[in-house]
1. Identify the single condition in (1) in contact with a helix residue (DSSP H, G or I) (Cβ under 8 Å, 6 or more places away or on another chain); (2) polar (S, T, N, Q); (3) more than 9 Å from every other protein chain (Cβ to nearest Cβ) that B:SER285 does not satisfy, given that it satisfies every other one.
2. Give the residue that is farthest from B:ASN209 (Cα to Cα), with candidates limited to residues of segment B:656-674 that are surrounded by 24 or more Cβ atoms within 10 Å (Cβ to Cβ) and free of Cβ contacts under 8 Å to residues at least 60 places away in the same chain.
3. Quick one: in segment B:562-607, which of the residues that are away from chain A (no Cβ under 14 Å), assigned to a loop (DSSP other than H, G, I, E, B) and out of contact with any helix residue (DSSP H, G or I) (no Cβ under 8 Å at 6 or more places or on another chain) is nearest to B:PHE98 (Cα to Cα)?
4. Would you tally the residues in segment A:460-486 being over 17 Å from A:THR498 (Cα atoms) and buried (at least 21 other Cβ atoms within 10 Å of the Cβ)?
5. Yes or no: segment B:630-651 includes at least one residue that is surrounded by 24 or more Cβ atoms within 10 Å (Cβ to Cβ), modelled with pLDDT of 95 or more and among the aromatic types (Phe, Trp, Tyr).
6. Go through segment A:541-559 and count every residue that is in contact with a Phe, Trp or Tyr (Cβ under 6 Å, 6 or more places away or on another chain) and not in a loop (DSSP other than H, G, I, E, B).
7. Of (1) surrounded by fewer than 18 Cβ atoms within 10 Å (Cβ to Cβ); (2) at pLDDT below 90, B:PRO594 satisfies all except one. Which?
Number of protein chains: 2
Amino acid sequence: MRVVKRLLPTLLIAGTALGSAQAEEGMWTFDHLPARQLKQQYGFEPSAEWINHVIQSSARLAEGCSASFVSGDGLVMTNHHCANTCLTDLSDKTHDYFHDGFSAADVSKEPQCPGMELDRLDQVKDVTGRVADMTSGKHGADYAKALQAANSVLTKECAGGDATHWRCDVVTLYHGGQTALYRYRRYQDVRLVMAPDQDIAFFGGDPDNFTFPRYDIDLSMLRVFEDGKPVHTPFFKFDPKGPKAGELVFTSGNPGRTQRSLPASALTFQRDVILPTIIGVYSTSEGALWQYSRESKEHLIEAQNTLFGVQNGLKSLSGTVKALREPGVMEKREAEDRALQAWIDADAERRKIYGEPFKKVEAALAIQRQSYGHDFAIARTVHGLLGDAVMLVSAAQERQKPDAERRAGYHDAELAELEAEISAKVPVHVDLETMTLALGMTTMRQMLGEDDAAVHLVLGTKSPNERAAELMQGTKLADPAQRLALYKGGAKAIQASTDPMIVLARQLQPVLDVIRNRSRDQIEAPMHEAQGAIARAQFARAQAEGKADTLYPDATFSPRLSYGTVKGWQEGATTIAPFTNFAGMYKHATGSDPFRLPQVWLDAKPHLTLSTNLDFVSTNDIVGGNSGSPVINRQGNVVGLIFDGNLDSLAGDLYYDGERNRAVSTDTSAIMAALKTVYHADALAQELEQGHL
Amino acid sequence: MRVVKRLLPTLLIAGTALGSAQAEEGMWTFDHLPARQLKQQYGFEPSAEWINHVIQSSARLAEGCSASFVSGDGLVMTNHHCANTCLTDLSDKTHDYFHDGFSAADVSKEPQCPGMELDRLDQVKDVTGRVADMTSGKHGADYAKALQAANSVLTKECAGGDATHWRCDVVTLYHGGQTALYRYRRYQDVRLVMAPDQDIAFFGGDPDNFTFPRYDIDLSMLRVFEDGKPVHTPFFKFDPKGPKAGELVFTSGNPGRTQRSLPASALTFQRDVILPTIIGVYSTSEGALWQYSRESKEHLIEAQNTLFGVQNGLKSLSGTVKALREPGVMEKREAEDRALQAWIDADAERRKIYGEPFKKVEAALAIQRQSYGHDFAIARTVHGLLGDAVMLVSAAQERQKPDAERRAGYHDAELAELEAEISAKVPVHVDLETMTLALGMTTMRQMLGEDDAAVHLVLGTKSPNERAAELMQGTKLADPAQRLALYKGGAKAIQASTDPMIVLARQLQPVLDVIRNRSRDQIEAPMHEAQGAIARAQFARAQAEGKADTLYPDATFSPRLSYGTVKGWQEGATTIAPFTNFAGMYKHATGSDPFRLPQVWLDAKPHLTLSTNLDFVSTNDIVGGNSGSPVINRQGNVVGLIFDGNLDSLAGDLYYDGERNRAVSTDTSAIMAALKTVYHADALAQELEQGHL
């Protein structure tokens, strides 16, 4: 499933250099679309109106997904798995909306999704020059601080004191090549309209995840409210006919992160250190959650969303590391790096401008190699209510500083979002959270050893099970009102608190500061500088070779357009057709989990046209974060809903292979049939057809 | 902990080429000891009597450990963790011997360890020429079959029809370089004499595992019986003073498996495919077992031994893969391979004899690359009672063939051991086994996909949880009598059985035969041939260079001697002293698991001499399988008990680094103090002092 890998610790360095597009490769910014390629390959020339309409009808879910407006009354379409958290949070002992689905009787009965935020792009401003001015001549910690200050100034200015309505992100494209300020219209009242059963949304479950043929309707419908009423925005017309084989289609979404131009040395570090560490820890979590889910119906319901996230992340990360271990992949990247350095070295002026960036990357990696395991083990423990406590302690600490000196996430312009997150009415499952906390502490001690200072702080003389139970039983942070009071009380309230989670967070704060500062000053800042130089050199070289319009920036969880064709692929001797249909779905059902169809679907079989297209694949270049993206046609109408990629596309973080990478979508014709024939959601179907309530 | 990695599937190809010893490196066969090195470095020349006494006083536990006789009345010393299975099997709802320890009131009260076998080396015969004659001119499947037949003939002849008393193993040393027939005196009545509490045997638990300083008394005492009476054998005199820093010490044990001369291509395959696959699957198991153990005291007791095995394996395999990912390690091995091929190519005669063995290895690996994940997933599911069922079906199938055509494990000479294994009174924990079976099936489906033929066979239309429960509820195989009856009933009884485990095993048998034959004929046989050629070329080259006496064979879980010095090491700026003592142990105790000392140890503190040596490190070259090895001095007296290696030694599968690799032992002075002062096991202490009951 194509969610952004939000589970990854932020210490993981994202690559943000630039790629060079082949065939239908590319995640293009809307101000730099591949006009020549579209015209040459498809004879298509999008108008300014077309582009603007696509931007304004698209949306981003702050938690890590993409979405689209599909009616003028705030109706939003995204994936079922993008609403997992909402469906779980709204469930209780008598309702399991995650598993059984949900349908609001009418607009007034649509419940709010706790903590959910939707953003719609409003404006993009190039601030490359201003950031360059503010960081000029600085290195290491000074460079990091100057970047932080630039971030503060720019976002503050952009939000104009109204962080409730505007969200501003400084987006570094082509690494140092371009810096842009993205302003989004922010919506924090997002409600649940409809979701089908999990057994059709994720039919085939983990075994089928990232495969094709597929038979999923991975859909949820949300509605955006403002001042208690549905908002009115531009929207995509819903085309219930779906696409045709061979048709040109676009996806408008927010791919999260690619590293298509990360230097070979950094990729080697990912392959040999970062990814194996994360995969090991996630695998242990998977086993613990799997067993927890077997214990009772209640535990199953509590843990299902977390287990899904872990399994999805595992499959995705395993795909990435497998791609990195393919014979020849690293050798190719190493040769490219050497060639670029040789191009730099061939000219004294270039040598002066770009220097030896690959050596700088290696120096930063040498530091990260020393600290990575330690930092990851601690970061992994700080989650759930302990994560909230650390956030509260940080908020108190950071708000005492001038805005420009604060860490990301604590600038004035970001405080509205922070407050919403802190006070969100997310249910806390004590058993589950005690378990994950104890497991985190166990893992931490395994990785750092009994004698580590942080381990002493966290555990004292207790075992992980004892300590986790003590913290969870003693804390009041499960209550949103308590969290909000501590937030509003600031440093004084935090200092005075005897809540054991806050006490521990206070003790951990110096340890975390050391980690954060080392990461920022000794790893991220020099990497950022070096990768910027690499990106600029690549750009200059491409321009010199007349290839600048084949370049696109690595993904940054900001709006991008990708184009492609509805098309199957060849798997050895087997031809994979681009479409599946309802008939195939009924054939694929064994009757047992996760190949069990919901009863409503079994009942509806005689009434459905079994040849209706269900899911399809296309050559669009997508990655995690594109989940929930609309698939649109030349007319700017929505014909599908991205929800996954095939197994080959898991290498998409690193490279795009037009022969084998495929995006996987649910067809709008299947969505319409499901709403009308299976769920009898007539009002909703009508809203899609008419474009309004 | 230095047990052999018995959890690894047998499909994992062991490297058995030869190493070239540096410093105190080497696991020497007793007929090829490093005489020159011992004399030069230590002025020590072991006599034939000394050597013979060491051989006859040493022992091997068939399950994967080493041991030693320490009295003339069959008393055997090994590790606590080598008796884990026995301690767990003898426990019940009211006794947790694994956790609480055990002490027999007298010899008549010593209970038998179910299924435990101890072997003592009796005779070694060189059969290189005979095996060469029997396999000459054969390749692939023919070669594999000829080897199988040679194995059958040689072991049959060696056991002389008395498999109850003799165990015969064909051991391939230096790969094709030497083949030896090892005959062991076999003992199948091994009883439990004494074991301390788990909390002192494995004080520090998983966090401290493979680290030093350590504070463990990883001891168990067994007794070997024959015809209902203790056996009388040569034995090591127990020296309760322990060793001194700088002293020359030997370990006599059975290192399980090294791959110090595996070609770089095969190591790369281990690093990139085999080890990541196993680590991922083990990590998931670890999480599931960890959570299972949290559910109740009963589950904790049931799962503790399995969880220990998984965590121990994980730490060990992670160390191996980390060593393989160290910058430069693979490059060095690749350069060595190229140099050897160049040496071969430099001479037409050599070229004719050795050919291009590295190319052959690569061809075999290409096949394994296709099949590994598939085969591993299936092998992983076949364990517990399903494993027993497959064994019973195989036993019926194989016994219908002439002895020379049977698979390893089913030759006439091996049937006594097989029958003992099948009828061992090992308790079956239904909850635990249902869980591990369901997890195995879940993993299998994750790895192979819903549409795989083997997945269809195993699951039908059921979910893993449903299917595992159905199998476990329907089977009668938990009863040893039922298993024995099916074994004795042969093919007819197996065909007639309606036990669901047997039915499934019958259905799986053709799938498993395909896997076994492919593995044997297309992977193992050509690898064996190629590695034999590599080993012979290395040997010839070493002889030409006058270095033949620095060569020792890769470990093969057969008796070896290693020598070394009691010596700490340097860890960055820190000097690690060679000894710990009781004072350090009390300091290291936090009071909570796994740093909680048993009450008897807290009570005994005033009566112990706190400066008594507890654990020590030495430079002896050991790996998994050496667990339980005696540490002996020049006089041939036992001064310590091997139970672990430090973290650096985890790379010992691949290379030995005298600067950093250390073996970890419990000091005999601590053992004596524990027996006398803590456990008041006066009769046992006296037996050790006097050498008889």
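1. All conditions are met except number (3).
2. Restricting to residues being surrounded by 24 or more Cβ atoms within 10 Å (Cβ to Cβ) and free of Cβ contacts under 8 Å to residues at least 60 places away in the same chain, the top hit is B:ASN661.
3. The extreme case among them is B:PRO578.
4. 2
5. Looking through segment B:630-651, at least one residue is surrounded by 24 or more Cβ atoms within 10 Å (Cβ to Cβ), modelled with pLDDT of 95 or more and among the aromatic types (Phe, Trp, Tyr).
6. 3
7. Among (1) surrounded by fewer than 18 Cβ atoms within 10 Å (Cβ to Cβ); (2) at pLDDT below 90, B:PRO594 violates only (1).
Yes/no per residue for (1) in contact (Cβ under 8 Å) with a residue 60 or more places away in the chain; (2) of a type in the set (A, V, I, L, M):
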| site | (1), (2) |
| --- | --- |
| B:PHE98 | yes, no |
| B:LYS125 | no, no |
| B:TYR143 | yes, no |
| B:ALA149 | yes, yes |
| B:LYS156 | yes, no |
| B:GLY176 | yes, no |
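The values are calculated or read from the model by the stated rules, or taken from the named source; none is laboratory data. Just so it is clear, the structure is predicted and the values come from calculations on it, not from any experiment. Reconstructed Cβ throughout: ideal geometry from the backbone, glycine too, with neighbour counts over all protein chains shown.
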